[in-house]
Structures are given as structure tokens and as C-alpha cells.
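Taking it in order: structure first as C-alpha cells, then the write-up.
The values are calculated or read from the model by the stated rules, or taken from the named source; none is laboratory data. These numbers were taken from a predicted model, which means no experiment stands behind them. Counting neighbours? That spans all protein chains shown, and the Cβs are built from the backbone with ideal geometry, glycine included. Surface accessibility is based on the protein's heavy atoms, side chains included, excluding ligands, DNA and RNA. Shrake-Rupley method; radii C 1.70, N 1.55, O 1.52, S 1.80 Å.
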Amino acid sequence: MPGNPDQASSRDFVLLGLGPGAPPEQVKKAYKAFVKRWHPDRFPQGSHQQRVAEERLKDGNAAYRRIRNSWA
């Protein structure tokens, strides 16, 4: 049976370049660096790279949301 899609997993931490269970301040810092690296505006308009960046950013946002929700 698959895990809860709204629950943080070790994959979420790895996506942000962290080890599982990283403290909140470290997660926030890693997330900001991730967004800066993968923001679609950094890539040429309409390019393949921009589309890849959009998907990566969506994945990173979802991972950060799941991690943040696990703190509550």
C-alpha cells in the first residue's frame, strides 16, 4: 500500500538536497536555494529548459509543503 501523498518522505528531503529529518531552518534555507536555482524565469522563454524548470519547481514546492506540514 503506498504512503500518504500528503506526508513528507525521505525523497522530499533528498529533492531539496537534505538528509531526512533536517531541522526547519536548514529546510527553509535549502528550499530558497532550490527555488533560486530552478525558477523558470532564469531560462529562455518557451525553451525546453524552462519547461523542465517549471516541473522541478512544482516538485520542489510540493516537497517543501509536505515537509512543512509534517512540522505541525
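Can you name every residue in region 24-49 that is of a type outside the set (K, R) and open to solvent by 70 Å² or more (accessible area, probe 1.4 Å)? Across region 24-49, the qualifying residues are E25, Q26, D41, P44, Q45, H48, Q49.
Among the residues of region 64-71, is there at least one that is surrounded by 11 or more Cβ atoms within 10 Å (Cβ to Cβ), among the small types (G, A, S), out of contact with any Cys (no Cβ under 6 Å at 6 or more places or on another chain) and without any contact (Cβ under 8 Å) to a residue 24 or more places away in the chain?
No: zero hits.
For region 45-55, indicate whether the set of residues that are assigned to a loop (DSSP other than H, G, I, E, B), at positive phi and at pLDDT 95 or above is non-empty. For region 45-55, residues assigned to a loop (DSSP other than H, G, I, E, B), at positive phi and at pLDDT 95 or above: present. Residues in region 56-72 that are among the aromatic types (F, W, Y) and not in a loop (DSSP other than H, G, I, E, B): Y64 alone. The residue that is farthest from S9 (Cα to Cα), counting only those in region 26-44 that are assigned to a helix (DSSP H, G or I) and aromatic (F, W, Y), is W38. Before we move on, is R11 at pLDDT 95 or above and surrounded by fewer than 16 Cβ atoms within 10 Å (Cβ to Cβ)? Considered against the rule, which asks whether it is at pLDDT 95 or above and surrounded by fewer than 16 Cβ atoms within 10 Å (Cβ to Cβ), R11 comes out as yes.
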